[in-house]
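Notes for the one structure printed next.
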Amino acid sequence: MRPESPYPDSRMLDASIEPPFLIGISCGSCHIAFDPLKPPRDPRHPAHDNISGTVGNQYSRFSQILASGMKRHGLEWQVFGHARPGIVDTSALPNDQINNSGSINALINLEQRPKEFEHEIVKWRKIKECPLGADGRSCWCEPGKDGKCWARAIKKEPVNQILKGGEDSIGALEAIQRVYFNIGSCSEEAWVNHLMDARQLDPTQRGYGQTSFDIGQARRDCSQFRAIEDRLQDVMNFLLTARPSDLYEARGLKTPLDLVERLEQEFGKDAVGRGKLLFAQNCARCHSSQNNPSQVTDFHRVKKDRKGQDIREDWMGSDEMVPVSEVATNRSRALHSNHMKGHIWEEYGSETLRSKAADANIQEPSDGGRGYYRSISLLSVWAHAPFMHDNAIGPEIYGGADDVFYTSPYVQIHNGSFVPMPTPPSPWEFDPSVEGRYKLFKASMYDLLNPEHRIPKVSGFENEVRLYLGPTMWLENDKQVPIDLTLIFPKGTPSAKIGNFRHKSYLHDLWSATHHPDALDAKYQAHPEVAETIKRIAEKMSHDPKTAVAAFQQGGHELSNVYSNSTAIVENEGHRFGEDLSPADKDALIAFLATL
């Protein structure tokens, strides 16, 4: 913290925090929460029996944890600190300059998760011994451990597609272990040196951009890596025990038929049966794991698992990667880039993923495996509203009247600008009870199936934000003059606009406009108007460098697109499937979904 500055930034900028760094939280912070089948009477005082280890924590404020200790008028807080309860931007630290938040999914019926996706994968695989002359980059054996060796090679093999955009694609065990690094394990030995420093503006210096996490180096240099790796199958075995939370059981009913009877009292005679047909016709293509689901498919069919216990056969999701333009929800999460070549999680992405075609129907770059969402599971969907990757479709939830973190995201749109709604809908207080979850499910399903009734949601800065970029040398009368370059973002700025903004590319082009205009012209040969706009901004900045943001905004919409990884701002748009159904059919579909 700089005491002389009225706008302090991160404490990491000075020597108040020194290495060695110990950074980390537990996996359970995200995945342990209230059991939908046995919720606590008092959420503030749950008993052990009220807790599930795999349900996904819908109530924690992960972004506020990540932003803990930061000033609320600072950029990091205003970009990352507005995420809804139950979602987390896992790229907030290995920053890819994308508003990349995602909900914590329940880990249910993993044994039935589709595994037929074959990928070309470069990774380390266990072998008995390394050939003579092998170097540590292609084969390595742990000293003093006979037969404990790994070789790095490319092979084609079936894998799960784990995350919202399918970008974890080298295997389930590796996906589990990656979580440990992302929450702090091996941080100093193998992780923090690969992160981008948002304030490093010199392309020749370390931290200007991401570099790839090196699995082989981490295994060699970090004993925690090897200790975790030895126990990954144990973690996986635990996750495989998770089963759906059926509403009939949560309500204390004896059989699923009892639940159908209750639902048809609420939604009308034969509503569940009619809803099943509508699901088969409109939803099962993406939200069933059975081959060619149809009107006669039994979506509740049970079989025996590998231990002879009952397990639902249908995972209720195909796990297929669907172009984001088809889903049409907020596309920022789908434009993740941490798995791409040269980026931090490159070694956790497959060659097949990176070779996928770009989505031609969106304006942002979507090559390298970007531009897709997975078709997720709908098992126990009644217990996991609100919906979508950012929990944006459905009522807003908060912690009650004393919740200091809640800021209404509801806006009105006037001439392309987002204005906070003067009297927004009231948020719903956390209610993990069975009927509280069910009520939230119905309200969220109404929003999902009636997109024309959704009020736009946009998370905006609640304070003016000043970003200190450090002293910059600027030419003035042929002399270099140090300038305290502070960028100013006004109150109400959509956090996604800044979170998705590649400020380094913008500043680098401004420098090129002054020092290498020919190189700038060559870069934007296909769009000469961009180069000319940048030159005009650079000319203005030569007289007053602090006009960087204002000049950028005056550059027009087309210029903001050039430097944005995602231009999507409204958070609760898209997924319009089912909007043309009649009100009665929508009720029937909701009734059937409550049985999953």
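The values are calculated or read from the model by the stated rules, or taken from the named source; none is laboratory data. Since we're looking at a predicted model, the values are computed, not measured. Reconstructed Cβ throughout: ideal geometry from the backbone, glycine too, with neighbour counts over all protein chains shown. In case anyone asks, the SASA skips ligands and DNA or RNA and just uses the protein heavy atoms, side chains included. Shrake-Rupley method; radii C 1.70, N 1.55, O 1.52, S 1.80 Å.
If a residue has to be in a helix (DSSP H, G or I) and more than 24 Å from Pro94 (Cα to Cα) to count, how many in the range 218-259 make the cut?
So the answer is 15.
With respect to the numbered conditions (1) open to solvent by 20 Å² or more (accessible area, probe 1.4 Å); (2) in contact (Cβ under 8 Å) with a residue 40 or more places away in the chain; (3) part of a loop (DSSP other than H, G, I, E, B), which one is the sole condition not fulfilled by Gly56?
Against the list (1) open to solvent by 20 Å² or more (accessible area, probe 1.4 Å); (2) in contact (Cβ under 8 Å) with a residue 40 or more places away in the chain; (3) part of a loop (DSSP other than H, G, I, E, B), Gly56 comes up short only on (1).
Testing Thr352 on (1) touching a residue at least 40 places away in the same chain (Cβ under 8 Å); (2) within 26 Å of Pro425 (Cβ to Cβ), one condition comes back false. Which one is that?
(2)
Pull up the range 141-152, narrow it to residues that are open to solvent by 40 Å² or more (accessible area, probe 1.4 Å) and not in a loop (DSSP other than H, G, I, E, B), then point me to the one that is farthest from Gly369 (Cα to Cα).
Looking at residues that are open to solvent by 40 Å² or more (accessible area, probe 1.4 Å) and not in a loop (DSSP other than H, G, I, E, B), I get Cys141.
Does Ser101 satisfy being crowded, with 22+ Cβ neighbours inside 10 Å and either of a type outside the set (A, V, I, L, M) or out of contact with any helix residue (DSSP H, G or I) (no Cβ under 7 Å at 6 or more places or on another chain) (or both)?
For Ser101, the condition - crowded, with 22+ Cβ neighbours inside 10 Å and either of a type outside the set (A, V, I, L, M) or out of contact with any helix residue (DSSP H, G or I) (no Cβ under 7 Å at 6 or more places or on another chain) (or both) - is met.
What number goes with the only condition from (1) in contact with a Ser or Thr (Cβ under 9 Å, 6 or more places away or on another chain); (2) buried (at least 16 other Cβ atoms within 10 Å of the Cβ); (3) touching a residue at least 24 places away in the same chain (Cβ under 8 Å); (4) not in a helix (DSSP H, G or I) that His300 does not pass?
Against the list (1) in contact with a Ser or Thr (Cβ under 9 Å, 6 or more places away or on another chain); (2) buried (at least 16 other Cβ atoms within 10 Å of the Cβ); (3) touching a residue at least 24 places away in the same chain (Cβ under 8 Å); (4) not in a helix (DSSP H, G or I), His300 comes up short only on (2).
Return the residues of the range 207-217 that are out of contact with any Asp or Glu (no Cβ under 8 Å at 6 or more places or on another chain) and either part of a loop (DSSP other than H, G, I, E, B) or open to solvent by 50 Å² or more (accessible area, probe 1.4 Å) (or both); say none if nothing qualifies.
Correct list: Gly209, Thr211.
Out of all the residues in the range 111-131, which are touching a Ser or Thr at 6+ places or on another chain (Cβ under 9 Å), among the aliphatic types (A, V, I, L, M) and surrounded by fewer than 17 Cβ atoms within 10 Å (Cβ to Cβ)?
Val122
Can you tell me which of Ser68, Ser26, Ser10, Ser16 is modelled with pLDDT of 75 or more and of a type in the set (Ser, Thr, Tyr)?
Exactly one of Ser68, Ser26, Ser10, Ser16 is modelled with pLDDT of 75 or more and of a type in the set (Ser, Thr, Tyr), namely Ser26.
For the range 225-274, which residues satisfy the criterion of being among the hydroxyl-bearing types (Ser, Thr, Tyr) and open to solvent by less than 30 Å² (accessible area, probe 1.4 Å)?
Passing the criteria: only Ser245.
Starting from residues that are of a type in the set (A, V, I, L, M) and surrounded by 15 or more Cβ atoms within 10 Å (Cβ to Cβ), keep the ones in the range 387-431 and report whichever is farthest from the chain's Cα centre (by Cα). Write out each step before concluding.
Initial filter on the range 387-431 (of a type in the set (A, V, I, L, M)): 388, 392-393, 397, 401, 404, 411, 413, 419, 421.
Restricting the remaining residues to those that are surrounded by 15 or more Cβ atoms within 10 Å (Cβ to Cβ) gives 388, 392-393, 397, 411, 421.
On the way: Met388: 11, Ala392: 13, Ile393: 16, Ile397: 19, Val411: 23, Met421: 26 Å.
If we take residues in the range 387-431 being of a type in the set (A, V, I, L, M) and surrounded by 15 or more Cβ atoms within 10 Å (Cβ to Cβ), then Met421 is farthest from the chain's Cα centre (by Cα).
Out of everything in the range 348-361 that is small (Gly, Ala, Ser) and surrounded by fewer than 21 Cβ atoms within 10 Å (Cβ to Cβ), what residue ends up being farthest from Phe592 (Cα to Cα)?
Initial filter on the range 348-361 (small (Gly, Ala, Ser)): 349-350, 355, 357-358, 360.
Pick out the ones that are also surrounded by fewer than 21 Cβ atoms within 10 Å (Cβ to Cβ) and you get 355, 357-358, 360.
On the way: Ser355: 38, Ala357: 36, Ala358: 35, Ala360: 35 Å.
Once the filter is applied, the top-ranked residue is Ser355.
If you scan the range 456-498, which residues turn out to be farther than 28 Å from Asp197 by Cβ, in a loop (DSSP other than H, G, I, E, B) and either open to solvent by 50 Å² or more (accessible area, probe 1.4 Å) or at pLDDT below 85 (or both)?
Result: Asn477, Asp478.
Restricting to the range 271-304, what's the tally of residues that are more than 19 Å from Gln112 (Cα to Cα) and in contact with a strand residue (DSSP E or B) (Cβ under 6 Å, 6 or more places away or on another chain)?
Count: 0.
Determine, yes or no, whether Gly166 is farther than 30 Å from Trp315 by Cα and either outside any helix (DSSP H, G or I) or not small (Gly, Ala, Ser) (or both).
No.
For (1) open to solvent by less than 10 Å² (accessible area, probe 1.4 Å); (2) on the phi > 0 side of the Ramachandran plot; (3) free of Cβ contacts under 8 Å to residues at least 12 places away in the same chain, each residue gets a yes or a no:
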{"position": "Val322", "(1), (2), (3)": "no, no, no"}
{"position": "Ser332", "(1), (2), (3)": "yes, no, no"}
{"position": "Gly342", "(1), (2), (3)": "no, yes, no"}
{"position": "Glu346", "(1), (2), (3)": "no, no, no"}
{"position": "Gln363", "(1), (2), (3)": "no, no, no"}
{"position": "Asp367", "(1), (2), (3)": "no, no, yes"}
{"position": "Ile376", "(1), (2), (3)": "no, no, no"}
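So, of the residues in the range 549-596 that are of a type in the set (S, T, N, Q) and modelled with pLDDT under 95, which turns out to be surrounded by the most Cβ atoms within 10 Å (Cβ to Cβ)?
Selected residue: Ser566.
Could you please let me know if Glu174 is closer than 27 Å to Val322 by Cβ, open to solvent by 20 Å² or more (accessible area, probe 1.4 Å), in contact (Cβ under 8 Å) with a residue 24 or more places away in the chain and in a strand (DSSP E or B)? Can you show your working first?
Details: closer than 27 Å to Val322 by Cβ: yes; open to solvent by 20 Å² or more (accessible area, probe 1.4 Å): yes; in contact (Cβ under 8 Å) with a residue 24 or more places away in the chain: yes; in a strand (DSSP E or B): no.
When the stated conditions are applied, Glu174 does not pass them.
Of all residues in the range 177-193, which are surrounded by fewer than 20 Cβ atoms within 10 Å (Cβ to Cβ) and part of a loop (DSSP other than H, G, I, E, B)?
If the condition is that a residue be surrounded by fewer than 20 Cβ atoms within 10 Å (Cβ to Cβ) and part of a loop (DSSP other than H, G, I, E, B), then Ile183, Gly184 are the ones that fit.
Given the conditions (1) at pLDDT 85 or above; (2) surrounded by 16 or more Cβ atoms within 10 Å (Cβ to Cβ); (3) in a loop (DSSP other than H, G, I, E, B); (4) of a type outside the set (Val, Ile, Thr), and given that Arg41 satisfies all but one, which numbered condition is not satisfied?
The number of the failed condition is (2).
Before we move on, is Thr204 farther than 17 Å from Ser380 by Cα, among the hydroxyl-bearing types (Ser, Thr, Tyr), open to solvent by 70 Å² or more (accessible area, probe 1.4 Å) and not in a helix (DSSP H, G or I)?
Answer is yes for this residue.
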